[in-house]
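As structure tokens, the structure follows; a few thoughts come after it.
The values are calculated or read from the model by the stated rules, or taken from the named source; none is laboratory data. Predicted model only: the values in this text are computed from it and were never measured. Positions of Cβ are backbone-derived with ideal geometry, glycine not excepted, and every protein chain shown enters the neighbour counts. Just so you know, the surface numbers come from the protein's heavy atoms only, side chains and all, with ligands and any DNA or RNA stripped out. Shrake-Rupley method; radii C 1.70, N 1.55, O 1.52, S 1.80 Å.
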Amino acid sequence: MRLLMLGGTEFVGRAVTDAALERGWQVTVFHRGHHAPPPGVRALTGDRTAGAAGLAALADGGATWDLVVDTWSGAPAAVRDAARLLTGRAGHYTYVSSRSVYAYPTPAGLGEDSPLLAGASPDEGGDVPYGQAKRGGELAALDAFGDRALLARAGLIIGPGENVGRLPWWLSRIARGGPVIAPGPRTAGLQYIDARDLARWLLDAAARGLNGPYDTVSRPGHTTMGELLDACVAVTASDAELRWTGPDILLAAGAEPWSDLPIWLPPGELHDTMHRGGHAKAHAAGLRCRPAGETVADTWTWLSERGGVAPQRPDRPAVGLDPRLEAKLLAL
């Protein structure tokens with residue numbers, strides 16, 4: 001297979017590129033040049049925010065590809081421009097979207113036929129909210145490729161290479177040891193996907209010609225908050241003591257779900273939307289999710305190899321509980 005990876009140097013894009021190279025595929029990476037491309041790829045550079053001029057390296061030469069994978073999460077006009085350019089030069093287009101395209105709240109268990117955000121457009125070129133940007137990107141891919149477009153609506157993505165900081169923050173905090181605020185209930189189920197499992201499914205699905213939307217996440221309760229944090233303690237060999245604290249106490253103290261306490265959401269609409277979504281269609285199409293302990297262990301190994309410092313996307317705020325608020329909660 002000849003794969004064109006739009007992106008391909010960080011997190012999900014890098015996981016897709018690595019998985020394709022492992023299969024012996026010919027991989028072309030189109031990226032901005034901010035990070036070194038993986039060894040073994042053909043690298044093209046350009047800036048998708050610069051319109052046609054930014055896509056010149058793709059436009060020149062007339063190369064063709066069997067598959068395209070696009071992880072773009074900014075203004076959807078960039079997806080529109082790339083997809084239109086490639087429609088006659090690629091056989092299939094996979095757009096890595098998000099379950100954020102669904103109208104909030106999404107009741108537990110709803111799948112790909114859930115109501116979608118209104119008002120999204122593939123022509124938006126400015127600052128666009130994340131969910132609207134992803135829905136606009138979907139529309140752009142469908143407009144150019146029709147039934148040759150696959151929309152992978154991922155939920156929470158974690159694993160080695162994570163540049164948002166959620167699992168790396170927990171690992172780093174627990175590795176420091178001592179009492180650690182653990183957001184309860186510890187039995188709360190989590191739903192997510194390891195970037196490497198997502199990458200492998202994307203390549204399999206694209207090679208089979210699958211099209212349309214798929215919610216690419218684990219089953220609800222694939223692990224729990226307790227199992228995830230226990231695994232962090234185990235892999236770091238830390239003396240950390242998890243202090244399980246109820247949602248009411250955390251919220252009353254001003255701790256923000258998801259941002260102060262990454263991955264965690266209190267019971268209710270937010271938790272149902274993020275951690276209890278539909279999954280059956282993608283699993284019927286071959287999606288398999290590795291055990292949480294493996295994801296945690298491999299992420300710790302990767303983080304340790306980097307000296308304990310994870311990369312941080314410049315367009316995402318840093319996450320994690322302020323030490324002063326943690327001390328306040330520990331003193332309760």
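Computed over the chain, the per-residue total of -39500 (n - 2.57) for DSSP H runs of n ≥ 4 gives a 222 nm mean residue ellipticity of -10500 deg cm²/dmol, rounded to 500. Separation of the range 221-246 and the range 146-181, taken as the distance between their Cα centroids, equals 15 angstrom. If I compute solvent accessible area with a 1.4 Å probe over the protein chains, what percent of it on the range 79-201 is carbon and sulfur? Carbon and sulfur: 53 percent of the exposed surface of the range 79-201. Probing with 1.4 Å while keeping every protein chain in the model, the per residue accessible area of the chain equals 41 Å². Taking a label point 7 Å from the Cα of ALA52 along the Cα→Cβ vector, which residues of the range 64-102 have an amide N closer than 20 Å to it? Only 76-90 fall inside the zone, counting backbone N under 20 Å.
Amide H contacts of THR94 (H built 1.01 Å from N, in plane; Pro and chain starts excluded): VAL68, VAL69, ASP70, LEU150 sit under 5 Å, all sequence-distant by 5 or more or on other chains.
Put simply, the C-alpha atoms of the chain give a gyration tensor, and the ellipsoid matching it has half-axes of 35, 21, 18 Å, longest first. Rounded to the nearest 0.05, what FRET efficiency do GLU305 and SER259 give with R0 = 22 Å and r taken as the Cβ-Cβ distance? Could you check? That gives a FRET efficiency of 0.25.
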